[in-house]
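Worksheet for the structure shown next.
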């Protein structure tokens, strides 16, 4: 293992202490609430998103108990419908995307050789609004009116006539609030990627993870407005009797479906591309070689993000669209398989041509590849229009989407925790427990979801709170239920491992995996200023240059110190030429206050308390003014 | 009525007619390809991981590996996907709604039951039934789909894939059963509280038997026998008639299923309970115990009243 040490001879004495004073967060409550440190925000994102994963998992467990046999009465239809809706909303909006934002927030400046994100306060706002939107959605349980019409919320079922309670108002307003968080987060990632890279880190030297999050951030900017608009329309229809989706007044229910899926399908790629990127970065470390086909994988990532906008109507094959359009969307949905196949074979080639050192992150990455392929081929089956008429809205699709979202997101994420948590906490997770963790999750997951393909082929529809005996579905459902609890036990083992490692884990040191990228050149956990000197990069693998012997000589211990205040280096968009010294903001309470004011507005709109909503809106403007006051 | 076959597991890969069989053929091909691809990739990952394992290996850039990407990631998938796409387009053509049909049936989705209407082109009369679709074997039957409320989806896995019932839109589907049989169907689009209990039964019988059935369904309800008079009075003068129609009587409600020949149906409340004396009594006594979301209220009949109502309804064959 080689560890690049920062030699003190080229810089003035006491640099670290000085930087520590400049960058550290104030102690006490004010510091907790006002910090803009990307590492603190990233860890909060990770912890909060994981908490939502557990909530979504508990909801799923209750549903699996209900479906363990036919005609069970553990849950009534209304309870079940609220649970499956909140399970979807939670996993898709409150876990899958925010967990990746957490990794991105924590890691990006460390990968980039920077001291923070481009807009640290916006980063804090993004977290607070995410947290409040999650709490807003979950507060619906307190009044017994959680969203109950599916995460896709098709009209007219969600219109006031058929959903008179507050359930779908929680949904519409909660998601609108959440889009604020996601949008400012995306802007922050884009600007950071193009301005904050260490000198020399041209775009073709970015870690693939950054390509993933960057592609995703652009996709967010183009996809989310459709969701916002759809939710605003829905709220207006419900609350003010407008007619956006009302056929009697010239509206159309399919308008909702188009808007929703124009957002919804790109969102699938939004919540997998960064995860694929993480695997592309940590798998090669355990194969002891650089990723095969870096350029192919980077381009595949970007093209998936773009093609992802051309496939939305494959969710609508049974709505009676004309063959011309279903054929187009079928073709597009098959074409988008190609970049995924490129990535899969890049990973396989990396393992094949490497010298694999099997550690827990490697296991999760290898398992991820297999699950990805299973989710991929079942996706092709649903892209074939006529067969999709059979498959859509059956348990086959439930199996497919869980292979995609658990396989590509969660397995990649747990592997990423094993890989990067030592950087965050300074301690290693238990390798022994990690292997148990992987195998139990892997076996449990397949036991739960592989049979669901068959259950679907045998005619079982989705979103039913019970099913009759005698249709042949009983045994398969029981197996799925058992598998889901084995899987849940695997997740529990992960939590045990994290808890155990905080006290008993071996000290990680700066680079426990002998990994090649910049975050491993600094201590674990990193100091508040990240890098004492801003490094200069000459390759994609600054820490592997000696072994690879390809002539690149990145400079990790000499460079600008920027110790006159909260400063970091701004560089040019493509080649990362140094351009300016960026003055970074101090900690601030404005993001928290703005987040609170927006949440008050949402509650005002929820209860038709127009004065409350107006006050929340006015306060938001005041807080933005305070934030921007010179 | 003796049914030629009891309901079996509705496996979409075991089609019972030409609207479903091209879908199933396509499905078998896709599943076959899927299994092969998954097995090949899994073996590759396993072999790759095991073949050169080396604890503490040094970093090196050994092997180019781009061939993997070009062959495995681009060339082979492109060939497979082109093949699948061509097959998809051909199947679209094979499963298209035929221009001729032996009968046209209107299917109207309600929360949470199916209204089924047979239009007689000669007499312009409409015969309405519920939750049970009878079709003649060996002939294509055209289904005109609409909804009274939210989006539903018509789906009988062995006979046809899903077609949605969408407000403001007239979708058409078709089924054809090659052999007599009873086929299970259900609503394929989440439609609220009791989406789970919105099932339907398709009964395929020979064209002659089908015509007999239809003629019988066209008839109004017969005069109640003496033993059923009390029950008839309760039904047609009481709460039942507010929502249900029994042709030939005073009951003319339009909110719930037509009950003119309710006793001829196999199931009650869209697949919720078998249409036996016990099932019928349990359903009427407390519908919400069986189907919590149903719009049908418990009307608070006394024991003897309930028995009388059931006795009458059982005569509506």
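General observations
- Peptides A:498-508, A:266-276, A:47-57 ordered by packing proxy, namely the average of other Cβ atoms within 10 Å per residue, highest first: A:266-276, A:47-57, A:498-508.
- Within region B:196-217: backbone nitrogen closer than 18 Å to the residue B:264 label point (7 Å, Cα to C-beta): B:201-217
- Computed E for residue B:82/residue A:222 - FRET, C-beta separation, R0 25 angstrom, nearest 0.05: 0.30
- Ranked by the mean number of other Cβ atoms within 10 Å of their residues, highest first, the peptides B:31-44, A:292-305 fall in the order A:292-305, B:31-44.
- Counting only other chain Cβ atoms within 10 Å of each residue's Cβ, the peptide B:84-92 averages 6.
- Helix B:303-313 axis, angle to chain B major axis (alpha carbon atoms, nearest 10°): 80 degrees
- Backbone N under 14 Å from the residue B:307 label point (7 Å along Cα→Cβ), restricted to region B:213-244: B:227-228, B:230-231
- Relative contact order (percent, whole number), chain A, Cα cutoff 8 Å, 6+ residue spacing: 20 percent
- Within region A:232-321, the percentage of alpha carbon pairs spaced more than 21 angstrom apart rounds to 53%.
- Interatomic Cα distance distribution for region B:153-228, bins of 5 angstrom, percent: 3, 12, 17, 16, 16, 14, 12, 6, 3, 1
- Across all Cα atoms of chain B, the radius of gyration (one decimal) and Dmax (whole number) stand at 26.3, 96 Å.
- Only Cα pairs under 8 Å and 6+ residues apart enter the sum, and on that basis the relative contact order of region A:229-292 stands at 17 percent.
- Shielding score for A:514-521, defined as the mean number of other chain Cβ atoms within 10 Å: 1
- Between 0 and 90°, nearest 10: helix A:97-112 axis offset from chain A longest Cα axis: 10 degrees
- For region B:265-312, projected area of the alpha-carbon convex hull averaged over all directions, nm²: 3.2 nm²
- Cα→Cβ-extended label distance, 7 Å offset, between residue A:248 and residue A:17, nm: 7.8 nm
- Angle in degrees between helix A:120-138 and the longest Cα principal axis of chain A, rounded to the nearest 10: 30 degrees
- FRET efficiency, 1/(1 + (r/R0)^6) with R0 35 Å, evaluated for residue A:482 and residue A:504 via beta carbons: 0.65
- Part-to-part distance (alpha-carbon centres) for region B:256-287 and region A:298-327, which is given in Å: 44 Å
- Remark: mean inter-chain Cβ contacts per residue of B:36-45 equal 5, using a 10 Å Cβ-Cβ cutoff to other protein chain atoms.
- Chain A, helix-only ellipticity at 222 nm - DSSP H runs n ≥ 4, -39,500 (n - 2.57), divided by all residues, nearest 500: -20500 deg cm²/dmol
- Peptides B:63-73, A:512-522, ordered by how many other C-beta atoms sit within 10 Å of their residues on average, highest first, read A:512-522, B:63-73.
- Distance from the alpha carbon centroid of region B:190-228 to that of region A:515-558 works out to 76 angstrom.
- Estimated FRET transfer efficiency (residue A:142, residue B:122; beta-carbon r; R0 56 Å; 0.05): 0.40
- Normalising by residue count, the protein assembly as shown has a Cα convex hull of 164 Å³ per residue.
- Annotation for residue B:170 and residue B:229: the two label points, set 7 Å from Cα along the Cα-Cβ direction, are 4.7 nm apart.
- Inter-probe distance in nm under a simple model that places probes 7 Å from Cα toward Cβ, at residue B:106 and residue A:135: 5.4 nm
Here, each number is a calculation from the coordinates, and none is a lab measurement. None of these values were measured; they are calculated from a predicted model. All Cβ positions, glycine included, derive from the backbone under ideal geometry; neighbour counts span all protein chains shown.
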